[in-house]
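Below: one structure, written as structure tokens.
The values are calculated or read from the model by the stated rules, or taken from the named source; none is laboratory data. These figures come from a predicted structure and were not determined experimentally. Quick reminder, even Gly has a Cβ in these numbers, built from the backbone with ideal geometry, and neighbours come from all protein chains shown. For the accessible areas, the whole protein counts, side chains as well, though only heavy atoms, and no ligand, DNA or RNA atoms are used. Shrake-Rupley method; radii C 1.70, N 1.55, O 1.52, S 1.80 Å.
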Amino acid sequence: NYWYFEIVSSVFSKIINKEIPANILKENNNFISFMDAFPIQNGHSLVVPKLEIDNILDLPEDTYNGLFSFAREISIAIKKALGCKKIGISVIGFEVPHTHIHLVPMNKISDMNFNNKIITSKEEINFFATKIKEELKY
């Protein structure tokens, strides 16, 4: 008997490969940022390396450093677009087996509660994405 193992791409790899839609904020050869489909705050975004590795600490050092540099650029745009006090940064990694950084607009510490997803619409997500993308154009 032969065992057949199917390599299953993460949902983020499918977004990277444009196999499924996402509200992309910015991308380059190595990284992509898009709106979280199940946000905990308006403007909640993700930053993902195009290299599909589950654990952030397993990334090559240059990819790890580049990921945080890219996240910084997106964070600055989110903060300007939403006028929030801070951008919460979290690496949790249980939802999708592909390294990703959550960027969450915050005005108080409780804004970073991942147990409280907000009720939103695609239109609202699009609205905030447009505001953030405007700040990324310089």
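For the reader, a short list of remarks on this structure follows.
- The candidate values are (i) 101; (ii) 113; (iii) 135; the one derived from this structure for volume of the Cα convex hull per residue in Å³ carries the label (iii).
- Neighbour-limited loop hits for chymotrypsin sites (Phe, Trp or Tyr not before Pro), the stretch 55-105 (at most 15 other Cβ within 10 Å; DSSP other than H, G, I, E, B): Phe94
- The long axis of helix 122-136 is offset from the longest Cα principal axis of the chain by roughly 80 degrees.
- Counting only protein heavy atoms and a 1.4 Å probe, the stretch 52-102 has 56 square angstrom of accessible area per residue.
- Net charge of Cβ neighbours under 15 Å - reference Tyr64; Lys, Arg +1; Asp, Glu -1: -3
- In order along the stretch 51-59, the Karplus-derived 3J(HN,Hα) couplings, from 6.51 cos²θ - 1.76 cosθ + 1.60 at θ = phi - 60°, round to 6, 7, 10, 5, 9, 4, 6, 8, 5 Hz, and Gly and Pro are given as x.
- Cross-link reach list, lysines versus Lys26, counting only Cα pairs under 25 Å and skipping chain neighbours closer than eight places: Lys14, Lys18, Lys50, Lys79, Lys80, Lys85, Lys86, Lys117, Lys122, Lys131, Lys133, Lys137
- Longest DSSP-loop-exposure-free segment, trypsin sites (Lys or Arg not before Pro), the chain, at most 11 other Cβ within 10 Å: 19-84
- Solvent-accessible area assigned to carbon and sulfur over the stretch 18-61 amounts to 50 percent, based on a 1.4 Å probe.
- Positive contributions from Lys and Arg (+1) and negative ones from Asp and Glu (-1), summed over other residues with Cβ under 14 Å from the Cβ of Asn126, come out at -1.
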